[in-house]
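S.K.: Please read through the structure below; I'll follow up with questions.
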Amino acid sequence: MISKIVECCNGFNWGKFQLIRYEEADWNYQSEVAKKSLLRECGWDKNHLWVLDLQTGEGAFFRPGGYAVSDLEKHKIWVCLLYSPFLEWLYKQDLSDITKLPSIVKLPDAPSGLWGYRREGK
């Protein structure tokens, strides 16, 4: 796996995220049950990216390029207040090499608050 830690701030809150992308060896892993690529069998492709909130310990697998807020909504994970604005920013970046992303992202217009949240729903 290839990973990159990116910190995000808005002048009040501090988000800490780890981005994870599978490498070729991971994609080539053959399931002992299905006898084919396990990751592909699960429905993932090389455009998917794990976005982990290091503060809450929760994250999800996203396929950047869609609507970040909607993608986050369906996962119902517990995240800091900067997760959604960071995800929106991330979706606009060149993700061909995540190691080239900046180590800190400043989002001064992102909302501020004292607590993270889990989206409501089933």
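No lab work stands behind these numbers, since they all come straight from the coordinates. Remember, predicted model here, so these are calculated numbers, not experimental data. Cβ placement follows ideal geometry from the backbone for every residue including glycine, while neighbour counts extend to all protein chains displayed.
S.K.: At 222 nm, what value in deg cm²/dmol follows for the chain if DSSP H runs of at least 4 each add -39500 (n - 2.57) and the sum is divided by all its residues, to the nearest 500?
M.R.: Value at 222 nm, helices only, nearest 500: -5000 deg cm²/dmol.
S.K.: Quick one: compute a quarter of the convex hull surface over the Cα atoms of the chain and quote it in nm².
M.R.: One quarter of the hull surface, i.e. the mean projection, equals 8.2 nm².
S.K.: What is the gain in length, in nm to one decimal, between Arg40 and Glu7 on full extension, counting 0.36 nm per residue of separation less the C-alpha to C-alpha distance?
M.R.: Gain on stretching Arg40 to Glu7: 8.9 nm.
S.K.: Using R₀ = 30 Å, calculate the FRET efficiency as 1/(1 + (r/R₀)^6) where r is the Cβ-Cβ separation of Lys76 and Leu101; round to 0.05.
M.R.: Efficiency for this residue pair is about 0.70.
S.K.: Using label points projected 7 Å from each Cα along Cα→Cβ, tell me how many nm separate Val33 and Lys16, to one decimal.
M.R.: 3.5 nm
S.K.: Here's a follow-up. Applying a 10 Å radius around every beta-carbon, put 16-24, 97-105, 49-57 in order of their mean neighbour count, most first.
M.R.: The peptides rank, most packed first, as 49-57, 16-24, 97-105.
S.K.: Using +1 at the Cβ of each Lys and Arg and -1 at the Cβ of each Asp and Glu in the chain, identify which of Leu19, Leu87, Gly116 lies farthest towards the dipole's positive end.
M.R.: Of Leu19, Leu87, Gly116, it is Gly116.
S.K.: Separate question: Under the Karplus relation 6.51 cos²θ - 1.76 cosθ + 1.60, θ = phi - 60°, what is the ordered set of whole-Hz ³J(HN,Hα) values for segment 5-21, x standing for Gly and Pro?
M.R.: Once θ is set to phi - 60°, the couplings for segment 5-21 become 9, 10, 9, 9, 9, 10, x, 10, 8, 9, x, 10, 10, 10, 9, 10, 10 Hz.
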